[in-house]
Amino acid sequence: MEICRLLLFFAAISSIFRLIHATSGEDDPIYQACVGHCKKTGCVGGKCFQHCDFSSGENPIDGPWYLQEPLYQRWKQWDCLSDCRYHCMIAREEGRQKLGLQPIKYHRKWPFQRVYGIQEPVAVAFSVLNLAIQFHGWISFFILVNYNLPFSPKKKPYYEYTGLWHIYAILSMNSWIWSAVSHSRDVELTEKLDYSSVVAFIGYSLLVAILRAFNVRDEASRVMIAAPIVAFVTTHILYLNFYQLDYGLNIKVCIAMTMLQFILWVVWAGFTRHPSRWKLWLVAAGGILSTIIKIYDFPPYMGYVDADALWHAMSIPLTYLWWSFVRDDSEFGTTTLIKKAK
């Protein structure tokens, strides 16, 4: 019965994938005319931008590389083309709203309201909070296994997955750092770093789930299991960075790996009767719900909170509960090994 439910769930997810699409607001003739005019004059309506300086007679957007703004300046503040696109998008959406039309995406992004130059302020705030929760969970786990739990005669923690969880924490914090950066200023470089770090983290999370669920302790066996996963994740990251930054493919790969590890954890907790299995089940249920919300991809409420920001918000309590399970598992594993040693 449980297998049937899982198959039905994946069928539902597959049907949801067909709903993933990006309405091309950049193809709107009014928007295109606005951006074209701004690229020539540096103004949208009565607002002109300091980045668009045409006094030299050259267009800094289409001109030679030495007339374009340097990368550090484009990172610190919005460049001419970005300002043109942003203000034309806002102006066009205001017009559409008066006509009773729903928001649409421009260049694969919803129309967000900037705050102090930050592109998606709510998502950035939640990313930073997730980073803080991950750091707190990692430090609490580090203190537990190194100072509160007994060591083996080899002067090492009894819990044999300690090193794996340390790497997990580092990859997770790295992904949230780049998430905050990418949502602050979305350019091709930050987007690639965000996608790559998330894929690396999810791929490693799947590896940890397999090793823990099947209780793999031998180093040679761990390497054999890790090799195909590392190869797949590396290939996918190279594809995104050097061939095509395919958002649709990337989200399918990430969701597939995420759901697979949720299934592993839930089934393992049920079969082993782990004392903290209820925490795993709550994290899995919350993770599936947040994933469905992310797939739904609704436009930002009041220009600030979209599906992605809400997914970030839901990750905060789930992360706290997850690290609570990891600490419980380390205590459970240590106690079990000490009893066997006696």
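Summary table below
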{"read-out": "Filter result for the condition that a residue is hydroxyl-bearing (Ser, Thr, Tyr), under 17 Å from the mean Cα position of the chain (by Cα) and within 30 Å of ASP186 (Cβ to Cβ), over THR291, THR235", "value": "THR291"}
{"read-out": "Single condition SER179 does not satisfy, out of (1) part of a helix (DSSP H, G or I); (2) in contact with a strand residue (DSSP E or B) (Cβ under 9 Å, 6 or more places away or on another chain); (3) open to solvent by less than 40 Å² (accessible area, probe 1.4 Å); (4) not hydrophobic (A, V, I, L, M, F, W, C)", "value": "(2)"}
{"read-out": "Enumeration of residues in the stretch 91-116 that are assigned to a loop (DSSP other than H, G, I, E, B) and either under 29 Å from the mean Cα position of the chain (by Cα) or among the basic types (Lys, Arg) (or both)", "value": "GLN102, PRO103, ILE104, LYS105, HIS107, ARG108, TRP110, PRO111, PHE112, GLN113, ARG114, TYR116"}
{"read-out": "The stretch 185-204 - residue that is over 13 Å from the mean Cα position of the chain (by Cα) and closer than 18 Å to LEU240 by Cβ and, of those, most open to solvent (accessible area, probe 1.4 Å)", "value": "GLU188"}
{"read-out": "Pairs where the first residue, in the stretch 289-310, is on the phi < 0 side of the Ramachandran plot and of a type in the set (A, V, I, L, M) and the second is in a loop (DSSP other than H, G, I, E, B) and open to solvent by 20 Å² or more (accessible area, probe 1.4 Å), C-beta under 6 Å, 6+ apart", "value": "ALA307/ASP297; ALA307/PHE298"}
{"read-out": "Checking GLN119 against (1) more than 20 Å from the chain's Cα centre (by Cα); (2) crowded, with 17+ Cβ neighbours inside 10 Å, the condition it does not meet", "value": "(1)"}
{"read-out": "Some residue of the stretch 283-297 being surrounded by fewer than 16 Cβ atoms within 10 Å (Cβ to Cβ) and of a type in the set (Ser, Thr, Tyr)", "value": "yes"}
{"read-out": "Within the stretch 123-156, tally of residues that are without any contact (Cβ under 8 Å) to a residue 40 or more places away in the chain and either within 17 Å of LEU171 (Cα to Cα) or surrounded by 19 or more Cβ atoms within 10 Å (Cβ to Cβ) (or both)", "value": "4"}
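Yes/no per residue for (1) touching a Phe, Trp or Tyr at 6+ places or on another chain (Cβ under 9 Å); (2) at positive phi; (3) charged (D, E, K, R); (4) free of Cβ contacts under 8 Å to residues at least 24 places away in the same chain:
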{"site": "TYR158", "(1), (2), (3), (4)": "yes, no, no, no"}
{"site": "TYR168", "(1), (2), (3), (4)": "yes, no, no, no"}
{"site": "SER182", "(1), (2), (3), (4)": "yes, no, no, yes"}
{"site": "ARG185", "(1), (2), (3), (4)": "yes, no, yes, no"}
{"site": "SER205", "(1), (2), (3), (4)": "yes, no, no, no"}
{"site": "ILE225", "(1), (2), (3), (4)": "yes, no, no, yes"}
{"site": "ILE229", "(1), (2), (3), (4)": "yes, no, no, no"}
{"site": "PHE232", "(1), (2), (3), (4)": "no, no, no, no"}
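The values are calculated or read from the model by the stated rules, or taken from the named source; none is laboratory data. Just so it is clear, the model here is predicted, and its values are computed rather than measured. Virtual Cβ from ideal backbone geometry, glycine too; neighbours counted across all protein chains shown. Please note that ligands, DNA and RNA were not included when accessible areas were found on the heavy atoms of the full protein model with its side chains. Shrake-Rupley method; radii C 1.70, N 1.55, O 1.52, S 1.80 Å.
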